[in-house]
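Please read the structure below before turning to the comments.
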Amino acid sequence: MLSEHAEEILEALAVQMEEQGKKPLDLGMGRDDPAIEELVKLGYIRKDVDHIHLLDKGKSEAQKALRRHRLAERLLVDVLDVKDKAINEVSCKFEHLLHEGVEDNVCIVLGHPKVCPHGKPIPPGKCCGVKENKKGRLMKFVSPLSELEVKDKGEVAYLHAKDNSQMQKLMSIGVLPGMSVGLLQRFPSYVLQLGQSQFAVDKELAASIYVRLIK
């Protein structure tokens, strides 16, 4: 198992690739860091005089480290109600507890979220896209509105619109994080209750509304 600092280095490299492409990471003051040597020996990174480079073997591990961090952020916000200023500090500690198997269970509980609370993509795992049975569904704290059953109620946790047009539709009917929402109908369209108003939306729009369930 990797050390916690080694996981953090891989995560930093994954973020670097996501935001800036394949640019190497500056070694800075960590030139003699044991965690870097650990990653070099495993064949995950290559070190030169001033930089470290993520190798093909390390890309998968880097994505897993990034996934754990962003799932931890989502769990802290959606289930434990940790406030914004503490999210990063707490999630940096919590992510190291989410190893293979555990992270997939967290992902299922959260309804397979696509983005972290800061809007950054969460790399999908083996559990994502796998059809779940009813028992699996009942484990969830957060689900897309499209997966709710009629009479389910909750609070809008976050929105995951695929483009500006979809976001404008959501805004036009007043769907915002923190609002109470209930599902009244699934067919032929999804009818949701927002306050005293009811709105009909298609499945694609319903799937972009993530709800923190109240049982």
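Rule-based calculations on the coordinates, nothing more; no lab input. Because the structure is predicted, anything quoted here is derived from the model rather than measured. Glycine also receives a Cβ, built like all others from the backbone with ideal geometry; neighbour counts cover every protein chain displayed.
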(Q) Run the reach check for Lys64 against aspartates and glutamates, Cα to Cα strictly under 12 Å, same-chain hits fewer than 8 apart removed. What comes back? (A) Glu7, Glu8, Glu11, Glu95, Glu100, Glu103, Asp104
**Q.** Relative contact order for region 20-111, counting Cα pairs under 8 Å that sit 6 or more residues apart, in percent
**A.** 21 percent
Q: May I ask you to list the aspartates and glutamates whose Cα is less than 20 Å away from that of Lys203, ignoring any residue fewer than eight positions away on the same chain?
A: Glu132, Glu147, Glu149, Asp152, Glu155, Asp163
Q: Place a +1 charge on the Cβ of each Lys and Arg in region 1-125 and a -1 charge on the Cβ of each Asp and Glu, then give the dipole magnitude about the Cα centre in debye, rounded to the nearest 20.
A: 360 debye
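Taking K and R as +1 and D and E as -1, what net charge do the other residues with C-beta under 15 Å from the C-beta of Pro188 add up to?
0
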Q | Restricting region 1-102 to trypsin sites (Lys or Arg not before Pro) in coil, as DSSP defines it, with at most 15 other Cβ within 10 Å | A | Lys22, Arg31, Lys83
Q) What list of ³J(HN,Hα) values in whole Hz, one per residue of region 68-76 in order, does the Karplus curve 6.51 cos²θ - 1.76 cosθ + 1.60 (θ = phi - 60°) give from phi, with Gly and Pro shown as x? A) 4, 5, 6, 5, 4, 4, 5, 5, 5
Q) Across the Cα atoms of region 14-94, what radius of gyration and what greatest pairwise Cα-Cα distance (Dmax) are found, in Å? A) 14.8, 44
**Q.** Angle in degrees between helix 84-94 and the longest Cα principal axis of the chain, rounded to the nearest 10
**A.** 60 degrees
Q. What Kirkwood hydrodynamic radius do you get for region 99-209 when you take the inverse of the mean 1/r over all pairs of distinct Cα atoms, in Å?
A. 14.7 Å
Q: Would you please classify the overall shape of region 69-130 from the alpha carbon gyration tensor, given that a ≥ b ≥ c denote the square roots of the eigenvalues, rounded means a/c under 1.5, and beyond that prolate means a/b larger than b/c while oblate covers the rest?
A: prolate
Q.
Return the equivalent ellipsoid semi-axes of the chain as a descending list in whole Å, where each equals the square root of 5 times an eigenvalue of the C-alpha gyration tensor.
A. 38, 17, 15
Q. Too long at a 29 Å Cα-Cα cut-off: which of Lys126/Lys169; Lys23/Lys114; Lys93/Lys169?
A. Lys126/Lys169; Lys93/Lys169
Q.
Whole-Hz ³J(HN,Hα) for each residue in region 184-194, computed from phi via Karplus 6.51 cos²θ - 1.76 cosθ + 1.60 with θ = phi - 60°, x for glycine and proline: what do you get?
A. 9, 7, 10, 9, x, 9, 8, 10, 10, 9, 10
Q | Relative contact order (percent, whole number), the chain, Cα cutoff 8 Å, 6+ residue spacing | A | 15 percent
